[in-house]
Protein chains: 2
Amino acid sequence: MKLKNVVIAALVAALSTAALAQSIGKPEDQIRWRQSAYLTMAWNMGRIKANIDGTYNKDQVIQAANVIQAIANSGMGILFQPGTDKGKGWKETRVKGEMFSDREGVGKVAKPYMEAANEMARVAAAGDLGAIKTQFGKLGETCKGCHDKFRKDE
Amino acid sequence: MKLKNVVIAALVAALSTAALAQSIGKPEDQIRWRQSAYLTMAWNMGRIKANIDGTYNKDQVIQAANVIQAIANSGMGILFQPGTDKGKGWKETRVKGEMFSDREGVGKVAKPYMEAANEMARVAAAGDLGAIKTQFGKLGETCKGCHDKFRKDE
């Protein structure tokens, strides 16, 4: 076995172990879990927006930002296993094939999104509404960055 | 206006403001959001279990426990507005009417669940697999406590 093949075999084995320990589930489970996690974030984005547009409640914004931060840092990439580019969870997945082929592009949108989510939680805890508004806009841009590139229109 | 009525009017106004700031959405949104949040927790409970039963990965357990903690502390009670005892989000809600009539009973199951979720995140961060296993069992019991009382069987 050539060294290159040994390395690949080792990587595949490592990935399989990681996937096993993650309880990645069947393709339809993966799709349903990621749809649920995204909608949970969307609900909480809506809550922050309602606090910016309406009556500001510090605790609510903290609660919402913490949920978004935790999901953003949850390693959801594991739910995009090969074979989940098509299929139905709660509904048909809207993911584009590029999500599975363009790993570098995924990294380019994932990193700023995770950083923005961490900063959103920090700003929410600090409680300055102006800063919350600014950071909410930045976070929304990172969501859009991924949607534009890797999600089909409805 | 009698004092009692003034107090009730003030409480209703406060609740409406809180509900508005929360972006509580239409009944079907509330049901879909809570189904998504519960399934996101279920996915992460499964991940912790897979780490206990299979190969333990400290980071994965932390990620999963943080998601559960954030959702447990997110004030999801707001998604159980009157009129959401029946209806369809992703699917027909399984909530029992008692969830809306027995507020004291809800508090009795909600408090230990939130405490157990906070402790789960603390124990995950500490990284002692034995303690993780024990706390996972305790947290699961608090989930079951609510399901048994307030969720219909499928």
With the dipole of the protein assembly as shown worked out from charges on the C-beta (+1 for Lys and Arg, -1 for Asp and Glu) around the Cα centre, which of A:Val123, B:Met41, B:Ala64 lies farthest toward the positive end? B:Met41
Grab the other residues whose beta carbon is less than 14 angstrom from that of A:Leu129, score K and R as +1, D and E as -1, and report the net. 0
Describe numerically, in nm with one decimal, the distance between label points set 7 Å from Cα along Cα→Cβ at B:Lys86 and at A:Phe100. 4.2 nm
Exam field: A:Lys144 pseudo-label spacings to other copies (7 Å along Cα-Cβ), nanometres: 4.8
Residues with beta-carbon under 12 Å from that of A:Met41, excluding A:Met41: net charge, scoring Lys, Arg +1 and Asp, Glu -1? +2
Quick one: what do you get for chain B if you divide its Cα Rg by 2.2 N^0.38 Å? 1.20
Rounded Å value of the spacing that divides the Cα centres of the range A:129-153 and the range A:96-122: 11 Å
Sorted from shortest, what are the nm distances separating the label point of B:Lys49 from equivalent points in the other copies, each placed 7 Å from Cα along Cα to C-beta? 3.5
In the neighborhood of B:Gly25, defined by Cβ-to-Cβ distances under 15 Å, what is the net charge if each Lys or Arg adds +1 and each Asp or Glu adds -1? +3
Two pseudo-spin positions, 7 Å from Cα along C-beta at A:Lys152 and at A:Tyr56, lie apart in nanometres by 4.2 nm
Per residue Cα convex hull volume for the protein assembly as shown, in cubic angstrom? 160 Å³
Other chains' Cβ within 10 Å of A:40-48 residues: what's the mean? 6
With the contact rule set at Cα under 8 Å and sequence spacing of 6 or more, what percent relative contact order holds for the range B:26-150? 31 percent
Of A:Lys152/B:Lys26; A:Lys111/B:Lys108; A:Lys91/B:Lys152; A:Lys108/B:Lys111; A:Lys26/A:Lys144, pairs whose Cα-Cα distance is over 31 Å: A:Lys111/B:Lys108; A:Lys108/B:Lys111
Counting partner chain Cβ atoms within 10 Å of every residue's Cβ in A:111-121, what's the average? 0
Working out 0.36 nm times the residue gap between B:Glu119 and B:Thr134, then minus their Cα-Cα distance, what length gain in nm do you get to one decimal? 4.3 nm
With a 10 Å radius around each residue's Cβ, average the other Cβ atoms per peptide and rank B:86-94, A:41-49, highest first. A:41-49, B:86-94
Each residue of B:90-98 has, on average, a number of other protein chain C-beta atoms within 10 Å of its C-beta equal to 1
HN-Hα couplings for the range A:46-60 via Karplus (6.51, -1.76, 1.60; θ = phi - 60°), in whole Hz with x for Gly/Pro, come out as x, 5, 5, 4, 5, 6, 6, 7, x, 8, 7, 10, 3, 4, 4
How do the peptides B:133-139, A:27-33 rank, highest first, by the average count of neighbouring beta carbon atoms within 10 Å per residue? A:27-33, B:133-139
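Since every read-out is calculated from the coordinates, none of them should be taken as a lab result. As the structure is a prediction and not an experimental result, all values here were calculated from the model. Virtual Cβ from ideal backbone geometry, glycine too; neighbours counted across all protein chains shown.
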